[in-house]
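This report concerns only the one structure given below.
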Amino acid sequence: MVESTPVAILTRIVNNAKVHLPGAVTDGIQYELYNVLDEFLSATDVWTEDIPYDTAVGAVDYDIVPVTGRIVNLIYSWLDGSTIQTGAIPCSMPIPGWLQLMRAPDEVKQAWVKISLSVLDPVTRAGFPQCPTWILERYHDALSSGLVYKMALAPSKPWSNGEIGVLHGQRFRNMIGQAKVDYLHAHTRGAQRWSFPRQFMPQRR
């Protein structure tokens, strides 16, 4: 079985949306796809990355740079070799990429920070935003509905259709809600369940 590539999945998402958008051109749908992905990822926190950093004595400010993507929210930080239950580091992220500890460390230690991500403006040669394949595979129906919702509600276009736009808008919001549940379940699996302490909860923009 041939493994799906991001371009193949995104092309399928665009083609699925075109069925409901007569007259819409591919370039226009791909442009809107960035906005749909950004809204979905920013609302759900399903795309995350764990980034290591070394604490410094007396330092509370640290630069956090993901491999790819744009930082949306701080999830939490913890000491290397520990868990969120035993080694949580109280912190905040006043602006994306600026990690601020609530207490200055008194020794050098390796630590980790989990952040959620969204798409960046740069796109691939095929004209698509970069996003993890597993997200595209799992949520392709949501992204297709998001495209139809946003484009069908655009005024005075050949593909404008208020009824279809409202229908797919509701589907898109419902799927965002389900993705949020998926995210929460990913952090509460196993025998020992826990809840985010308030200071580690994702901070919405």
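Nothing in this text is a laboratory measurement; each read-out follows from the coordinates by a stated rule. All figures in this text were calculated on a predicted structure; none of them were measured in a lab. Cβ: placed from backbone, ideal geometry, glycine included. Neighbour counts: every protein chain shown.
Taking amide hydrogens as modeled 1.01 Å from N in the peptide plane, which residues meet the under 5 Å criterion relative to Val72, leaving out close sequence neighbours?
Result for Val72 returns Ser116, Leu117, Ser118.
Rounded to the nearest 0.05, what FRET efficiency do Leu120 and Gln178 have when you use their Cβ-Cβ distance and R0 = 22 Å? Can you show the working numbers first?
Working: r = 25 Å, r/R0 = 1.15.
Efficiency for this residue pair is about 0.30.
Kindly put Cys131, Cys91 in sequence by how many other C-beta atoms sit within 10 Å of each C-beta, fewest to most.
Taking fewest neighbouring Cβ atoms as first place, the list is Cys91, Cys131.
For the chain: lysine pairs with Cα atoms under 30 Å, gap of 8 or more or different chains, count? Show your work: numbers first, answer last.
On the way: Lys18/Lys150; Lys18/Lys157; Lys18/Lys180; Lys114/Lys180; Lys150/Lys180.
Summing the qualifying lysine pairs gives 5.
So what's the Cα pair-distance distribution over region 28-123, bin width 10 Å, in %?
Pairs per bin, as whole percents: 16, 43, 26, 11, 3, 0.
Report the normalised scattering of the chain as log10 I(q)/I(0) at q = 0.11, 0.14, 0.17 Å⁻¹, calculated by the Debye formula with identical scatterers on the alpha carbons.
Here log10 of I(q) over I(0) equals -0.60, -0.87, -1.11.
How large is the helix-only mean residue ellipticity at 222 nm for the chain, computed as the sum of -39500 (n - 2.57) over DSSP H runs with n ≥ 4, divided by its residue count, in deg cm²/dmol to the nearest 500?
Working: 6 runs with 80 residues, N = 205.
Taking each H run of at least 4 residues, the total per residue is -12500 deg cm²/dmol.
Among all helices in the chain defined by DSSP H, which have a length of 24 Å or more along the axis from Cα atoms plus a Kyte-Doolittle mean of at least -1.0?
26-44, 162-186
Where nothing but the Cβ of Lys and Arg (+1) and of Asp and Glu (-1) is charged, how large is the charge dipole of the chain around its Cα centre, in debye to the nearest 20?
Taking the Cα centre of the chain as origin, the dipole is about 640 debye.
With θ set to phi - 60°, apply the Karplus curve 6.51 cos²θ - 1.76 cosθ + 1.60 along region 67-78 and write out the HN-Hα couplings as whole Hz, x wherever there is a Gly or Pro.
5, 8, x, 10, 5, 9, 9, 7, 9, 5, 9, 8
State to the nearest 20 debye the size of the charge dipole of region 48-118 about its Cα centre, where the only charges are +1 on K and R beta carbons and -1 on D and E beta carbons.
Values: 4 positive and 8 negative charges, 45 e Å.
About 220 debye.
Please compute the net charge surrounding Asp141, taking Lys and Arg as +1 and Asp and Glu as -1 over other residues with Cβ under 14 Å from its Cβ.
Around Asp141, the surrounding residues sum to +2.
Comparing Arg125, Arg173, Arg138, which has the greatest mean-square fluctuation in the GNM of the chain with Cα pairs linked when under 10 Å apart?
Highest fluctuation of the listed residues: Arg125.
Given Cys91, Val14, Ser77, which one lies farthest toward the positive end of the charge dipole of the chain, if we put +1 on the Cβ of every Lys and Arg and -1 on the Cβ of every Asp and Glu?
Result: Val14, furthest along the dipole toward the positive end.
Could you give the length gained on full extension between Ile95 and Val7, defined as 0.36 nm per residue of separation minus the Cα-Cα distance, in nm?
Gain on extension, Ile95 to Val7, equals 28.5 nm.
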